[in-house]
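Only one structure is covered here, and it is reproduced in the block below.
The values are calculated or read from the model by the stated rules, or taken from the named source; none is laboratory data. Note that this is a predicted model, so its numbers are computed, not measured. Glycine also receives a Cβ, built like all others from the backbone with ideal geometry; neighbour counts cover every protein chain displayed.
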Amino acid sequence: MRKTVLFLLVILSCMGIFSSCRKNVLPSIPGGDDSVPHPGPGPVPKLEETVAAVNVGVTYSISPNIPGFYKALPARYAESNEKYPVIIWFHGGGQYGNGSTDLPFVLEEGLPKVIEEKRFPPSFTVNDEKFSFIVIAPQMTQKIFNAEIQTLLNYVKNSFRVDPSRIYFSGISLGGRMLSDYAAANPNEIAGVVAMAGLPQIDENLTAKCTAMSNAELPVWQFHNRDDSAWYYSEASRYIEVFNSLNPVIPAKFTSFDVGSARLHHDCWTLATDTAYKEDDKNIYEWMLQYTR
């Protein structure tokens with residue numbers, strides 16, 4: 001009798017342990033695999049921009065020859081933690097100044113003028129994705145060289161939420177030379193360049209410059225007027241000829257207009273920076289956004 005009672009107590013004890021263990025097992029999901037972790041929430045969608053960016057002048061010494069700049073940020077920049085593509089704009093020799101009272105000179109030409117006249121849209125759609133640019137337009141006191149351009153680039157990357165894979169340089173005339181010579185020396189720092197009526201120094205190092213950019217697969221779009229008497233068309237043509245003779249993975253684009261505007265027929269940028277001007281169904285901004293570094 002005592003043995004029977006003891007045996008029953010052991011059986012009941014085991015059943016209790018088994019029952020308590022089952023309480024800690026999560027129920028199976030029909031059709032699911034409990035061994036596979038379930039994904040968390042998807043990525044937060046981008047904020048949709050509906051208001052155009054505006055130019056805001058900043059008097060601040062980035063370097064000895066860059067005493068101020070304009071910034072144009074996406075309208076909802078402060079509402080997000082997103083990183084944005086950036087265009088750094090290089091003005092021509094006619095817009096030099098002190099970075100304060102002279103700063104509005106920068107708004108007289110090219111992309112800063114497009115933004116100031118409310119002709120720059122809040123976003124661009126490329127490959128079914130919307131992008132809004134940060135645009136930084138520094139004012140120089142004189143021509144700057146690669147070391148100061150690097151200081152400028154570092155400042156922009158450290159001061160704004162920049163997508164490091166989408167940094168683009170664009171500019172006109174002497175600014176086109178500055179950015180092109182920097183691109184030849186540091187082609188992996190940027191994702192694309194659009195220069196207008198300005199190009200790298202044509203000298204014995206031209207092939208080496210083009211080789212560096214070609215090897216880095218740096219996208220280049222060059223604009224020039226055939227009748228430009230400030231900066232000869234033959235130099236621009238020579239530059240692109242040398243570049244494309246290297247059989248680059250990304251051939252340089254070259255757009256030439258027969259007749260330029262303004263003094264010396266130098267201005268090809270008014271048309272090139274207009275968002276309505278397109279080649280292969282892309283304006284320069286959409287063209288830039290095709291490429292990342």
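Could you pull out every one of the strands (runs of 3 or more DSSP E) wholly within the stretch 54-145 that has 2 or more residues that are more than 30 Å from W231 (Cβ to Cβ)?
56-63, 124-126, 129-131
Of Y232, Y291, Y239, all but one fail to be over 27 Å from L107 (Cβ atoms) and at pLDDT below 95; the exception is Y232. The number of residues in the stretch 179-191 that are farther than 15 Å from M288 by Cβ and either of a type in the set (V, I, T) or not in a helix (DSSP H, G or I) (or both) comes to 1.
Considering the stretch 166-178, and only residues there that are buried (at least 24 other Cβ atoms within 10 Å of the Cβ) and in a strand (DSSP E or B), the residue that is nearest to the chain's Cα centre (by Cα) turns out to be Y168.
I88 satisfies every condition listed in (1) among the aliphatic types (A, V, I, L, M); (2) surrounded by 17 or more Cβ atoms within 10 Å (Cβ to Cβ); (3) out of contact with any strand residue (DSSP E or B) (no Cβ under 9 Å at 6 or more places or on another chain) except (3). Might you check whether a residue that is surrounded by fewer than 16 Cβ atoms within 10 Å (Cβ to Cβ) and assigned to a strand (DSSP E or B) occurs anywhere in the stretch 269-279? Within the stretch 269-279, one or more residues are surrounded by fewer than 16 Cβ atoms within 10 Å (Cβ to Cβ) and assigned to a strand (DSSP E or B).
Within the set R238, R226, R263, R293, the sole residue that is in contact with a Lys or Arg (Cβ under 8 Å, 6 or more places away or on another chain) and among the basic types (K, R) turns out to be R293. In the set (1) β-branched (V, I, T); (2) surrounded by fewer than 17 Cβ atoms within 10 Å (Cβ to Cβ); (3) in contact with a Leu (Cβ under 8 Å, 6 or more places away or on another chain), T141 fails one condition alone, (3). Which members of the stretch 229-244 meet the condition of being of a type outside the set (G, A, S), assigned to a helix (DSSP H, G or I) and under 15 Å from H265 (Cα atoms)? Result: Y233, single match.
Answer yes or no as to whether P251 is out of contact with any Leu (no Cβ under 6 Å at 6 or more places or on another chain), surrounded by 23 or more Cβ atoms within 10 Å (Cβ to Cβ) and assigned to a loop (DSSP other than H, G, I, E, B).
Details: out of contact with any Leu (no Cβ under 6 Å at 6 or more places or on another chain): yes; surrounded by 23 or more Cβ atoms within 10 Å (Cβ to Cβ): no; assigned to a loop (DSSP other than H, G, I, E, B): yes.
Here the answer is no, as P251 does not meet what is asked.
Condition check for P200 on (1) surrounded by fewer than 16 Cβ atoms within 10 Å (Cβ to Cβ); (2) of a type outside the set (A, V, I, L, M, F, W, C); (3) not in a helix (DSSP H, G or I): one failure, at (1).
Checking the condition among the acidic types (D, E), surrounded by 19 or more Cβ atoms within 10 Å (Cβ to Cβ) and within 20 Å of the chain's Cα centre (by Cα), which residue from D228, D163, D181 passes? Matching residue, one of D228, D163, D181: D181. Taking residues in the stretch 174-188 that are within 19 Å of C268 (Cβ to Cβ) and free of Cβ contacts under 8 Å to residues at least 60 places away in the same chain, and partners anywhere that are among the aromatic types (F, W, Y) and assigned to a helix (DSSP H, G or I), the pairs with Cβ atoms closer than 9 Å and at least 6 places apart or on different chains are S180/Y239.
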